[in-house]
Amino acid sequence: MRQSFFIVSLYTFCILIVGCCNDKVSQTKKFHNSQPAIRIPDLSIPGSFIKSNEINLDSNDIVIFIDSFSKFKLIASDLNSFYKKRDYAFAWFDKSEITEPAQHLYNSVINIQSDGLPDKILYKENLIALKEGYEADQTKKSQLEVMLTAQYLSYAKMAWTGLSKKELTDIKWYLPRKESSYPKLLDSLLKGKDVMEKAPVYYQYDLLKKQLKRYADIKVQGGWPHIEYDKKTYKVGDTSSTISKVKLRLSITGEYPTNEYGHVYDTILRQAVISYQQSNGFKQTGWITPDLIKILNVPVEKRIEDIIVNMERCRWLPVELGKVHLLINIPEYRVHLFEHDSLKWDMKIVVGKNKNRTAIFSGEIKYVVFCPYWNVPTSILKKEILPAIKRNPNYLSKHHMEWHDGGVRQLPGKDNALGLVKFLFPNSHSIYLHDTPSKSLFEEDKRAFSHGCIRLAEPVKLAKYLLKNEDKWNDQKIEEAMQAGSEKYVVLKNSVPVYITYLTCWVDNKNTLQFRDDVYELNEKLLKMILDKPVL
């Protein structure tokens, strides 16, 4: 009930928000295409903060404020420290007038649901009353000054920081967490830095925020109708009432560009279907299938929740991931290589099944191993190999395996489960990247088949990239090492960071909102945590 109230309230607030934008853009990374991405910074609270001391607080004003608004007691020391360093000069007023940054902060706080957050603002009614009645009352002006700083810290925690490190560990998110401390935020204010102009969050946050507004607008306008269908597959030239319903559905989210909703499957609809298939991880056949209809019928409320939980994930990610890095997105089943904020290439991957989940963490690739042995993990040995040996005493030889140091390993070669090369980034999760003899799995739309490790569709491409600056390694040497039949370790001179993350929706280089299935069923729990988390 609480969750539904939050979502319904969100629709109302989002349609009131008009985002402002700037002609200045910066290049940053995206999940798709080789062109540098465009970052649209969050300018909801632009401008520098006032440094003048024409208006000052009394040191007692902060004590009185905390007595009046006791829930801010947790940040009382930060408030005192901030104003002491400013010699108690006002930060949000220019002479007697409230500044533009203060007005923008006020708007962002009052409309925090546009950030995909529940309306839990502390002392919201008091903030509104102070804002509306401060002009003729010096006491209210002083209270509003301190209230705005307190709200700034509260907003920063909710919109930029998100769940705590412990909470992330509880949901098995082991990626390095961006740290945003109150003292740093206050120092930024003190130095007049435009922290609000470029919010300290992963770039996808701002992009998803704009999409949240768009989908909230769609909800207010009635969403989209459920499509009843006869479980057939439709192609260009076919005729059906289902086709007209698909046209209407795709026109609402923008893929279908006309208002002609006839029953004939034409080439315009085919292009719209291909676009929708691309943005939902389907093969781009242009066919209307039962599986496609199922995704089209996902209600707008669910899509809004998807956006909200992924905005939360963006609060945790480091703002910058490094000049060169690999980014793996589990629900997308792809790995991306970035160089200097541009996508160099990407490739399909296979990730762990739901019961053998690929861990969400980061590391650094330090080794390339050609013709690797596969040391069978103890869990697989007990659950699969030993029972198979009991059924068939020749199981090991048939699968090119042998006993080794009390365990079982598979010999190098084309039939090895790790293929002809693996890439190691030492970690406690026993996860690595590797080749595979099971190439057919890469033709599937959904590729959660492994025991946790990540299989690469084009491992040679990664090997060539990692070894391009290494002495004595070229394409021929790499090919020879892969076919040698004996294991060979190569230690990289320069390790490469790799981030394994989990985003079920994001915005690509073409400004298209991408959705993927919640393969590990993590979104619902996260949404509840967002609703339940405290303000301070």
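Points to keep in mind about this one:
- Scan region 351-395 for residues that are among the aliphatic types (A, V, I, L, M) and without any contact (Cβ under 8 Å) to a residue 24 or more places away in the chain and the total you get is 4.
- From ASP78, ASP67, ASP58, ASP94, residue being out of contact with any His (no Cβ under 7 Å at 6 or more places or on another chain), within 26 Å of PRO318 (Cβ to Cβ) and surrounded by fewer than 19 Cβ atoms within 10 Å (Cβ to Cβ): ASP78
- Any hit, region 474-494, residues being touching a Pro at 6+ places or on another chain (Cβ under 7 Å) and of a type in the set (Ser, Thr, Tyr): yes
- Whichever residue in region 224-259 is loosely packed, with under 13 Cβ neighbours inside 10 Å and acidic (Asp, Glu) and, among such residues, is farthest from PRO290 (Cα to Cα): GLU228
- Residue that is modelled with the highest pLDDT [pool: residues in region 294-329 that are within 19 Å of LYS210 (Cβ to Cβ) and not in a helix (DSSP H, G or I)]: LEU317
- Single condition PRO534 does not satisfy, out of (1) outside any loop (DSSP other than H, G, I, E, B); (2) farther than 30 Å from LEU462 by Cα; (3) not hydrophobic (A, V, I, L, M, F, W, C): (1)
- Test: residue in region 427-439 that is of a type in the set (A, V, I, L, M) and farther than 21 Å from ILE500 by Cα: no
- Residue within region 479-488 that is assigned to a strand (DSSP E or B) and either among the small types (Gly, Ala, Ser) or under 23 Å from GLY363 (Cα atoms) (or both) present: yes
- Note on region 356-414: residues that are part of a strand (DSSP E or B), surrounded by 17 or more Cβ atoms within 10 Å (Cβ to Cβ) and either of a type in the set (A, V, I, L, M, F, W, C) or not assigned by TED's automatic domain parsing to the domain that holds LEU492 (or both) total 8.
- Every residue from region 160-176 that is in a loop (DSSP other than H, G, I, E, B) and of a type in the set (A, V, I, L, M): LEU163, ILE171, LEU175
- Test: residue in region 467-486 that is aliphatic (A, V, I, L, M), at pLDDT 95 or above and under 25 Å from TRP173 (Cβ atoms): no
The values are calculated or read from the model by the stated rules, or taken from the named source; none is laboratory data. Predicted model only: the values in this text are computed from it and were never measured. Please note: Cβ atoms are built from the backbone with ideal geometry, for glycine as well, and neighbour counts cover all protein chains shown.
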